[in-house]
Each structure stands twice: as structure tokens, then as C-alpha cells.
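Notes to accompany the following structure.
Read-outs throughout are calculated quantities, based only on the coordinates presented, and are distinct from any laboratory measurement. Remember, predicted model here, so these are calculated numbers, not experimental data. Glycine also receives a Cβ, built like all others from the backbone with ideal geometry; neighbour counts cover every protein chain displayed.
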Amino acid sequence: MIQLRTAVQNTSVYAKHCLVKSRPELRASISTGPRQQNGTFYEFRTYFIQPHLNSAFLKLTNEKIALRTACSELLGYWTVEYGGLNQVFHIWKYDSYAQRASVRAALAQDPSWKDQYISKAMPMLTSQDNEVTYLVPWSQIQKPPKEGGVYELATFQLKPGGPAVWGQVFQKAVGTRTGSGYAHSLGVFHSEFGQLNQVHVLWWYESADQRAAVRQHSHEDARVVAAVRESSAYLVSQKNKLMFPCAFSPLK
């Protein structure tokens, strides 16, 4: 009887030990955040310009942007043509939050940046907005096939859960369009700060008319229709902007 009782107790202790060991793996398997392999993130910035100062702002930025790009990497800088008037949209890359903080601190102490640009540019704006994003795990930054096209920023408000929940079907929806040659995806981003549960897809087209033609054609493709229908189960709302790259934008 004593031997039996000891065996039962040992079995119980062993079971508890196994349960405790398995818990970290269980938590990792249901993670819903962006599964980043490094700390790189992308800051989306949107500036709203006073309509009568739009040209002046762009001219000043074109002349002085080098003061800013000397401090951190600019991915792209665009003017918004459709989906929002008198706006510019730009994407900045950072390796960490500490790097961004050091860049902002250095700019705040740079007399050239303050006197030649900020003091002149800020009065031209009505408001600013920013958002921190990560690339989704299956996306990488791509370059367009050639310069001279137009860019579409498509924004999807998705149900809570993150890439672990909707990633597979959303990847299929994007991949079906790119794999079929309908559009070029330059990056898929998941919001971290700002409006949460947002996904942005940066598309490239040869022209606005080419975009209209291929979208009409793709919507008649059963593969695209099926992929979009599946991903729409996670969709709350969506919006988009058609944008032209500025002359100084790295992505043209």
C-alpha cells in the first residue's frame, strides 16, 4: 500500500512538472502580435497642408529634405492625388525606438534644421498624424519595376487578433493579385501604434489608368474573387489613397 501511495504521488509530481514546462510553449503558440525577428519598424507620417501653401511647402521640402535624410532613412515621400487633398505621406525606417529617439533629439538641437526648415514648414500645416508599423512576417520591402508610376496605399481595418489570426488568408489575397501580375506589392505593414488592427498594402502601378484597367480585369478572375471573399471575413472597413512620388523620394 505504501509503495502504491508513493507511486501515485510521484506520478502527480511528474504530471505537474510536465504541465508547468508546457505552458510557455502554449502561450507562444497563441501569440497574436507581429512576430518580428528584429526591432526594425516604419513610421508613417501624414501632413495636412494649407491649400494655398501646398506648392510652397513642397518646394521648401524639396530644397531642405537633405537636412532630414542625413539623420535617418527615408523610404518614400508622396503627394496624395486621390483619397485626400493637400496631403503628403512619407515613410521613415528605424532600427529601434532608441534610434528614433536619438534622431529626434539630434534634430531638436540642429540649428540648420530648425531655422531653415521647421520654422518655415510648420506654419504651412494644419495638422500632422503618425503611425508606427511593422512589416507583417511574410512581407519584405520591394522596389517598383521602374520609375515613373503611381502608388496606392490601401488600408484595411481588420478584426482584432493580428497576423496570427488573419495573416494566412490576407497573404493569400495579396499573393493572388501579385502572383497573377495584376499589381506589384512593395510592402505589407501592420500597425503597432495609432489605429490598431490596421494593415496597409503599398501597391505600385504604371499609371492611374493602368490601375483602373487591371483592377477591372482582376475582379473577373475567379482566383482573386475567391481570395478576397475569404479575407473579407476579417474585414471591418477599408480606404485608400492614390499618390505620386516627389522628386526627392527614394521610391519613385
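Averaged over residues, the count of other Cβ atoms within 10 Å places the peptides 79-89, 49-59 in the sequence 79-89, 49-59, highest first. Here the gap between ASP209 and LYS159, fully extended at 0.36 nm per residue and compared with their Cα-Cα distance, gives a gain of 14.8 nm. In the chain, a dipole from Cβ-located charges (positive for Lys and Arg, negative for Asp and Glu) runs towards its positive end, and of PRO163, PRO145, THR176 it is PRO163 whose Cα lies farthest in that direction. A full extension of the chain between LEU125 and LEU235 corresponds to an added length of 36.3 nm, given 0.36 nm per residue minus the alpha carbon distance.
For trypsin sites (Lys or Arg not before Pro), the sites in the range 139-209 that DSSP calls loop and that have at most 10 other Cβ atoms within 10 Å are LYS146. Taking Cα centroids, how far is the range 150-189 from the range 194-241 in Å? A separation of 8 Å, based on Cα centres. Based on Cα atoms of the range 136-245, Rg over Rh with Rh as the Kirkwood radius reads 0.94.
Relative to the Cα centre, the charge distribution of the range 52-207, modelled as +1 at Lys and Arg Cβ and -1 at Asp and Glu Cβ, gives a dipole magnitude of about 100 debye. Partner lysines whose Cα lies under 25 Å from the Cα of LYS93, excluding those fewer than 8 positions away in the same chain, are identified as LYS59, LYS64, LYS114, LYS120, LYS143, LYS146, LYS239, LYS241, LYS252.
In plain terms, the C-alpha convex hull of the chain casts an average shadow of 19.3 nm² when viewed from every direction. What the Kirkwood sum gives for the range 41-132 is a hydrodynamic radius of 13.8 Å, with every pair of different alpha carbons counted. Normalised by the number of residues in the chain, the mean separation of alpha-carbon contacts (under 8 Å, six or more apart) gives a relative contact order of 27 percent. Per-peptide packing, taken as the mean over residues of other Cβ atoms within 10 Å, places 91-103, 214-226, 155-167 in the sequence 155-167, 91-103, 214-226 from highest down. When the square roots of the Cα gyration tensor eigenvalues are ordered a ≥ b ≥ c, the ratio a/c for the range 202-252 is 1.5 or more and a/b does not exceed b/c, which makes its shape oblate. Close amide-amide hydrogen proximity is noted between ASN197 and SER191, each under 5 Å apart and 5 or more residues distant or on a separate chain (H modeled in the peptide plane; Pro and chain starts excluded).
Using Cβ point charges alone (K and R +1, D and E -1), the dipole size of the range 41-132 about the Cα centre works out to roughly 200 debye.
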